[in-house]
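Notes follow once the structure below has been shown.
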Amino acid sequence: MAEARDAVEYSLQDGVVWLAVASALTPAVRKEVMTALDRAAEDAGARAVVIQGQGAGFPAGADLAEPGTALPGPTISDLCARIEAFALPVVAALHGLVPGGGLEIALAAHYRVAHGAARLGFPEVKLGLIPGAGGTQRVPRMIGAGAALDMMLGGAMIPVGRPPARGLVDVVVEGDLRAGTEAFVAALLAEGKGPRRSSEMRQGFADAVGYQQEVARRRSSLAQQPELAPREIVAAVEAAMLLPFEAGLAFESDAYETCLGSDQSRALRGVFLAERRAPRFGVPATVPLPDLKRVTVLGGGPLAAQIVFAALNAGLGVNWGTRDPVRLRSGVPQVRDAFRQRVARGGLTEAQVQERMALLRVGDSAEMTGESDMILHAARGQGNVPAPHDVVRAVAFPGRVEALGLRFAQPVYSARLIEVISGPSVTPEQLAAALALARALGKVAVRVRSTGKSLGGRLMVACQRAADALVDAGQDPYEIDRAFRDWGWSRPPFQSRDQIGLNDFAEQPRAEGAQNWSALLVEQGRTGRAAGKGVYDWSSDPGHPGEDAALRALVEGVRAPAAPMPHDLIRKLVLGAMANEGLRMLSSGMAVRSSDIDLVSVLALDLPRWRGGPMHLAGVMGLLSVRRALEGFDHPDRAFWTPEPQFAEQIKNGGGFDDLTG
C-alpha cells in the first residue's frame, strides 16, 4: 500500500520498501527522504529499500541557485552518509538522466539497477565545481582513476550501457525497470546479501602504480589550463587513494568550497543560468510552439549555405530556393563538402550523410515556399517571393527588421547562438516560431528588441571603438591583444577584427579627434585575414597571425607612442566600455536582461565562459573602480566613455549589473 508523504512516496511490498522521490533534491525533499529512511529502519516488515525517481529521471542534485546559500535541512552529503550506513541493503533504481548530486545519492546506495536508456554524469565541472557529496571518493574506488577522471573532467551525460558509466551499475534492464529491480532485489535477498558499501570498495585501486600514473598524466595536461575545478578534481581523485575515506570526504568538501567561492564558478554558473533564462520570450501560454518539420531558406550566398547545412544536420527538411540557379549549383556541393568533413572527423557516417542530404529540395525561390513551416530570408532580393500568408517569415541577413529577424552567430554550423530580433510589428506567433527553430537546431535563442541591430553587433562595435581609443592614447595594438590573450580570451579585439574583416568596422563613426584605425588600414589594402594583412600579418600562416613592424610604423606615423598601460587597466577600460554599452541597450529596452548581454558576449564574441560577460565582469572588477577608469580616461570621444547613470545607482545600492532588466 502506497502512502503519499508530499515529495516522497513510501510503500512496502514483499519486504521491500519503495521510496519514490521527487525530481529535485531540494532541502525539503531531502528532509522527507531522511524521514522515510528512519521509518524504513523501524518498519518490522522491511528487508530492503529501493530508491527511485517519480518523474522523468532519478532525483537530481540541488538546484543551481542553492550553492553558497545557507539553507536548512540535511545536505546531499548527509543523505549519502545515511544511505550508505543503512543497516538494510539499499538499491537505487535509475532511469532518465542521473546527474551530479543525484548520481552521488545512487553511488551511496549499496547496489544500482539502471534502465538501458539512463544516462549518468557529473556536469559540475561545467559550473566550475567538483562533485561535493562523495563522488570524487566513491567513483575511483569503483572504476579507477582514468575512468573516474573521464567522467568528471568531461562533464558529459554518458549512456549507462557504455564505459565508464557501465562500471557504476550492477544490472542494466532493457524492459520494465520496476520488474527488473524487483527481480534483482529478490535474488539479493534470496542469497542473503546485505549492504555493500562503496566506501569500502578497493577494485579501483588494484593497479596502484597505474592509478598514480593516470593522476600524474591528467595533472600535467591541465597544468597550463586556467580553470580551477579540473585541477581540484584531479587532486580529489588522487586523495581517494592516499587518504582514508572520511579524510577524503573532508578533502573533497574543502576543494568544493574553494571552487564554489571562486570567480570562475560564479561566472560559469551565471552563464548557465543565462542560457536557461534567455528563451523566456514572454510568449503567451495560449500560443503553442509550432512543430517544425521543414523550413525554406531563400538566397544562395554563404549565409544561406550555412543555415541549410545546420538545418539538415539537425534533421529538418529544407527547401532551398534562389533566383539564380548558378548559386545552387555551387552551394549544394558546399553543403555536401561540409558533411564530408564531418565524416572525415568521425562525427557522421556516410549513411547518415545520405539521410540528411535526402531531406534537401532545391529550386527557384517561388517554387520552394510551399509545404514549408517557416521561411528564412538569407539574402536580399527575396522579400517579394510569394508564400502562404500564414507561414512565418524571418529576415536572417543584416538589415532593417519590421517583424521578425534572426541573427545567427558565426559560424552557423557550430555556434550555439541565435539572436531573435523583435521588430515593431512582431507577433507572438512569430516569436514562438523563432523559439521553435532555435530548439530544433539545438541553439540558444536570445530576444532582442530592435529594428535590425543585434546585441552581439553593438558589443563588438563598442569593443572595437574602445580598442581604437586605446591606440589613439598611444597603446600598441599587439599589447592590447596580449593583455586579453594572457587573460584567456582567444579572440582578442584586433585579432577578431582581422578575422571578421575590417571593411565594416571602417564605416563606423568616430568622434572628432578620434581615429578609426580600420579605415586607415583599409586605405592601405590591409582589410584583414582574407587579404593576408590587417592589423596582423597573416600571409605566412593563416592560422597563426604574426606581428608586423610595418603596422607599427604606420600607426606611429599618425600618433606618438605612450608608456604602456598595465594589462589590468587595458582590460578594465575595454570591458568597462562594453558594460557601459550594455547599460545603454538595457535602458533603451533593446536588451531584455543583463544576463542576455553576457550570454551573447560568451557565445558570439567568445569571451571565456569561465570569466563571464562584461556585465558580470564589471561587478568582479568593482563598479566604482570601473567607473573611475572610464571617467579618468582622457579621450575626445567623451559621449562614448562617460559612464551611464546606472553605474551610480548600483554603486549606491551596493549591487552589480548581473540582474538588471530592460
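Find the helices (runs of 4 or more DSSP H) located wholly in segment 578-662 whose residues include 2 or more that are touching an Asp or Glu at 6+ places or on another chain (Cβ under 7 Å), and list them. Break it down into steps so the answer makes sense when it comes.
Details: elements: 594-604, 614-621, 623-632, 638-641, 645-653.
Hits in segment 578-662: 594-604, 614-621.
Out of the residues in segment 256-296 that are closer than 30 Å to Ser365 by Cβ and either surrounded by 18 or more Cβ atoms within 10 Å (Cβ to Cβ) or aromatic (Phe, Trp, Tyr) (or both), state the one that is modelled with the lowest pLDDT.
Phe281
Going through segment 87-101 one residue at a time, which ones are within 21 Å of the chain's Cα centre (by Cα) and among the hydrophobic types (A, V, I, L, M, F, W, C)?
Across segment 87-101, the qualifying residues are Leu97, Val98.
Looking at segment 503-529, which of its residues are among the hydrophobic types (A, V, I, L, M, F, W, C) and surrounded by fewer than 14 Cβ atoms within 10 Å (Cβ to Cβ)?
Passing the criteria: none in range.
Identify, from the list Ser198, Ser220, the residue that is of a type in the set (Gly, Ala, Ser), modelled with pLDDT of 95 or more and either under 30 Å from Gln13 (Cα atoms) or not assigned by TED's automatic domain parsing to the domain that holds Arg138 (or both).
Being of a type in the set (Gly, Ala, Ser), modelled with pLDDT of 95 or more and either under 30 Å from Gln13 (Cα atoms) or not assigned by TED's automatic domain parsing to the domain that holds Arg138 (or both) holds for just one of Ser198, Ser220, which is Ser198.
So which residues in segment 508-550 are charged (D, E, K, R), assigned to a helix (DSSP H, G or I) and within 23 Å of Ala560 (Cβ to Cβ), if there are any at all?
Glu523 - this is the single residue of segment 508-550 that is charged (D, E, K, R), assigned to a helix (DSSP H, G or I) and within 23 Å of Ala560 (Cβ to Cβ).
Considering each residue of segment 201-235, count those that are surrounded by fewer than 12 Cβ atoms within 10 Å (Cβ to Cβ), of a type outside the set (Gly, Ala, Ser) and without any contact (Cβ under 8 Å) to a residue 24 or more places away in the chain, and give that number.
Taking segment 201-235 as the starting set, the residues that turn out to be surrounded by fewer than 12 Cβ atoms within 10 Å (Cβ to Cβ) are 202-203, 206, 208-209, 220, 223-225.
Right, trim to of a type outside the set (Gly, Ala, Ser) and you get 202-203, 209, 224-225.
Of the ones still in play, those that are also without any contact (Cβ under 8 Å) to a residue 24 or more places away in the chain are 209, 224-225.
Residues meeting the conditions: 3.
Identify all residues within segment 528-586 that are charged (D, E, K, R), out of contact with any strand residue (DSSP E or B) (no Cβ under 9 Å at 6 or more places or on another chain) and over 30 Å from Phe647 (Cβ atoms); write none if there are none.
The answer is Arg529, Lys533, Asp541, Arg552, Glu556.
Please determine whether any residue of segment 556-576 is aliphatic (A, V, I, L, M), under 30 Å from Gly405 (Cβ atoms) and under 26 Å from the mean Cα position of the chain (by Cα).
Yes - at least one qualifying residue is present in segment 556-576.
Quick one: Val362 ticks every box in (1) outside any helix (DSSP H, G or I); (2) exposed (fewer than 12 other Cβ atoms within 10 Å of the Cβ) bar one, so which box is it?
Of (1) outside any helix (DSSP H, G or I); (2) exposed (fewer than 12 other Cβ atoms within 10 Å of the Cβ), only one is false for Val362: (2).
Of all residues in segment 113-132, which are under 15 Å from Pro164 (Cα atoms) and crowded, with 24+ Cβ neighbours inside 10 Å?
If the condition is that a residue be under 15 Å from Pro164 (Cα atoms) and crowded, with 24+ Cβ neighbours inside 10 Å, then Ala114, Ala118, Leu120, Phe122 are the ones that fit.
Which condition breaks for Gly175 when tested against (1) free of Cβ contacts under 8 Å to residues at least 40 places away in the same chain; (2) in a helix (DSSP H, G or I); (3) more than 19 Å from Ala236 (Cβ to Cβ)?
(2)
Look at Arg138 and say whether it is in contact with a helix residue (DSSP H, G or I) (Cβ under 7 Å, 6 or more places away or on another chain), in a helix (DSSP H, G or I) and in the same structural domain as Gln54 (by TED's automatic domain parsing).
yes
The values are calculated or read from the model by the stated rules, or taken from the named source; none is laboratory data. Remember, predicted model here, so these are calculated numbers, not experimental data. Positions of Cβ are generated from backbone atoms using ideal geometry, with glycine treated the same way; all protein chains shown enter the neighbour counts.
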